[in-house]
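One structure is given here, and the rest of the page talks about it.
The values are calculated or read from the model by the stated rules, or taken from the named source; none is laboratory data. Keep in mind the model is a prediction, meaning the values are calculated, not measured. Methodologically, a virtual Cβ is constructed for each residue, glycine included, from the backbone with ideal geometry; neighbour enumeration extends over all protein chains shown. Keep in mind that these areas ignore ligands, DNA and RNA; they rest on the heavy atoms of the full protein, side chains included. Shrake-Rupley method; radii C 1.70, N 1.55, O 1.52, S 1.80 Å.
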Amino acid sequence: GAVVSQHPSWVICKSGTSVKIECRSLDFQATTMFWYRQFPKQSLMLMATSNEGSKATYEQGVEKDKFLINHASLTLSTLTVTSAHPEDSSFYICSARDDRAIYEQYFGPGTRLTVT
Amino acid sequence: GNSVTQMEGPVTLSEEAFLTINCTYTATGYPSLFWYVQYPGEGLQLLLKATKADDKGSNKGFEATYRKETTSFHLEKGSVQVSDSAVYFCALSKYRNRDDKIIFGKGTRLHILP
């Protein structure tokens, strides 16, 4: 089956530093990927839609300069949390839509970010 | 706009009990409907889906039927196991174009006691 990987699976960083999270579709091409944020015991909040070769579309209230998204290839999207603060600590999940069947969207295992 | 409402948890059941998690939706037209499961510390996995009215999705003993007349997609399982303990999300998507989003319910946490 289709697999989406995320790296790292968890990361601890200090306030003020930047952290990059990678999302890869391993056995399919994905023109469109999505980035979500999940707070403890809550649902997923869509942060942005990432399209290969173009600028990401951010949801209302999400700071585009804070959460930089780059979708440079059909199998890789990255989310960079810039100048991280403790309130950015969260579980970040990506998903990728299979180009062969847009009805199919696959989720990565998530990245837990802790900012100290 | 489009939305999904599911029963609040947590839901606690004994092993082998019957499970129902209610889900209703609001959407124009004919969305596709999904149930996703999230095990502790993991991402989401698609559990089952239905793409048109009266379709029944099923997987791992779970079932849900797309009921347009009641705008519902309730999740059921006849005999739950401890390993079913997880958070379950009902979701919908219109899939008219590549950027269409999946809209999630708030999730229902399920605890199964041995």
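Which count do you get for residues in region A:73-105 that are touching a residue at least 60 places away in the same chain (Cβ under 8 Å), in contact with an Asp or Glu (Cβ under 6 Å, 6 or more places away or on another chain) and aliphatic (A, V, I, L, M)?
The number of residues fulfilling the criteria is 1.
Please specify each residue of region B:7-40 satisfying the condition of being hydroxyl-bearing (Ser, Thr, Tyr), open to solvent by 20 Å² or more (accessible area, probe 1.4 Å) and touching a Cys at 6+ places or on another chain (Cβ under 9 Å).
Hit for region B:7-40 is B:Thr24, nothing else.
When A:Gln105 is evaluated against the numbered criteria (1) open to solvent by 20 Å² or more (accessible area, probe 1.4 Å); (2) modelled with pLDDT under 90, which criterion, by number, is the only one it fails?
It fails just one condition, (1).
Can you tell me which residues in region B:67-92 are in contact with a Ser or Thr (Cβ under 8 Å, 6 or more places away or on another chain) and polar (S, T, N, Q)?
Within region B:67-92, B:Thr70, B:Thr71, B:Ser72 meet the criteria.
Within region A:80-116, count every residue that is of a type in the set (A, V, I, L, M) and closer than 28 Å to B:Leu33 by Cβ.
So the count comes out to 4.
Table: residues versus (1) touching an Asp or Glu at 6+ places or on another chain (Cβ under 6 Å); (2) open to solvent by 30 Å² or more (accessible area, probe 1.4 Å).
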position: B:Thr51; (1), (2): no, yes
position: B:Phe62; (1), (2): no, no
position: B:Arg67; (1), (2): no, yes
position: B:Ser72; (1), (2): no, no
position: B:Ser79; (1), (2): yes, yes
position: B:Ser83; (1), (2): no, yes
position: B:Gly105; (1), (2): no, no
position: B:Arg109; (1), (2): no, yes
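When the residues of region B:13-62 are filtered to those that are away from chain A (no Cβ under 12 Å) and among the aromatic types (Phe, Trp, Tyr), which remaining residue is farthest from A:Gln42 (Cα to Cα)?
B:Tyr30
Check every one of the strands (runs of 3 or more DSSP E) wholly within region A:24-79 and list those with 2 or more residues that are within 13 Å of another protein chain (Cβ to nearest Cβ).
In region A:24-79, the matching strands (runs of 3 or more DSSP E) lie at A:32-38, A:44-51.
Report, by residue number, each residue of region A:80-102 that is part of a strand (DSSP E or B), crowded, with 16+ Cβ neighbours inside 10 Å and not hydrophobic (A, V, I, L, M, F, W, C).
Result: A:Ser90, A:Tyr92, A:Ser95, A:Arg97.
So which pairs qualify, if the first residue must be in region B:89-103 and at the interface with chain A (Cβ under 7 Å from one of its Cβ atoms) and within 14 Å of B:Lys52 (Cα to Cα), the second must be modelled with pLDDT of 65 or more and part of a strand (DSSP E or B), the Cβ gap must be under 9 Å, and the two must be at least 6 apart or on different chains?
Filtered contacts from region B:89-103: B:Tyr95/B:Ser32.
Does region B:77-109 hold any residues that are over 17 Å from B:Val4 (Cβ atoms) and assigned to a strand (DSSP E or B), and which are they?
B:Lys77, B:Ala86
Would you say B:Gly43 is small (Gly, Ala, Ser), at pLDDT 90 or above and open to solvent by less than 20 Å² (accessible area, probe 1.4 Å)?
No, not satisfied.
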